[in-house]
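*Asks:* Before I ask anything, let me first share the structure, which is written out below as structure tokens.
The values are calculated or read from the model by the stated rules, or taken from the named source; none is laboratory data. Just so you know, these numbers come straight off a predicted model, no measurement behind them. Here the Cβ is made from the backbone with ideal geometry for all residues, glycine too, and neighbour counts use every protein chain on show. To get the accessible areas, we keep the full protein, side chains included, count just its heavy atoms, and leave off ligands, DNA and RNA. Shrake-Rupley method; radii C 1.70, N 1.55, O 1.52, S 1.80 Å.
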Amino acid sequence: FWLIQQLYYDEVLNKNNVRKIFLSQLKSGKIFLVAKINNQFIGLITLSTHLDIQNGKVGQIDEFIVDKKFRRKGLGKKLLIEITKEAKKLRCNELHLYSSFRRSKSAHKFYLKNKFNKTAFLFWKEI
């Protein structure tokens, strides 16, 4: 849970709600890849898929986090490589991810360095 809390650093998450959501996502087929050291989770990346009129089957990275203490050691790249393999197995044509403007500039540089294209804005509103 504390790893996910790092991803949503400016929000207080409810541990039970996160657990319920993750269990539901696992049952629905979402792919979770984790990195662990000494039974401690230090990295997480998740993949869901959807059909897109323009791009066909698309892989969507929904959560992607590496513990602050383990960043810049190649772990994020390894997780990204493995989730890309999973997306290819599922015959996805593209891999998408959203990254908030609140994320660090180094995270955005990481995505660009790993051949992601910056192509859109995400607009949302509370309802």
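*Asks:* If ligands, DNA and RNA are left out, what is the accessible area of Leu79 with a 1.4 Å probe, given in Å² to the nearest 10?
*Replies:* 10
*Asks:* How much of the DSSP beta bridge set in the chain is antiparallel, as a percent to the nearest 5?
*Replies:* Roughly 80 percent of the DSSP beta bridges within the chain come out antiparallel.
*Asks:* Considering only protein heavy atoms and a 1.4 Å probe, what is the carbon-and-sulfur percentage of the accessible area of the chain?
*Replies:* 55
*Asks:* Reachable lysines from Lys36, Cα under 18 Å, same-chain residues fewer than 8 places away excluded?
*Replies:* Counting by Cα, and skipping residues close in sequence, Lys36 has these lysines nearby: Lys68, Lys69, Lys73, Lys77, Lys78.
*Asks:* A follow-up question, please. On average, how much accessible surface per residue is there in segment 46-127, in Å², for a 1.4 Å probe, leaving out ligands, DNA and RNA?
*Replies:* Result: 81 Å² of accessible area for each residue.
*Asks:* Ranked highest first by average number of other Cβ atoms within 10 Å, how do 38-51, 111-124 line up? Can you show the working numbers first?
*Replies:* Details: 38-51: 15.3, 111-124: 9.5.
Ranking the peptides 38-51, 111-124 by packing returns 38-51, 111-124.
*Asks:* I've got another one for you. Based only on Cα atoms, what mean projected area does the convex hull of the chain have, in nm²?
*Replies:* 9.0
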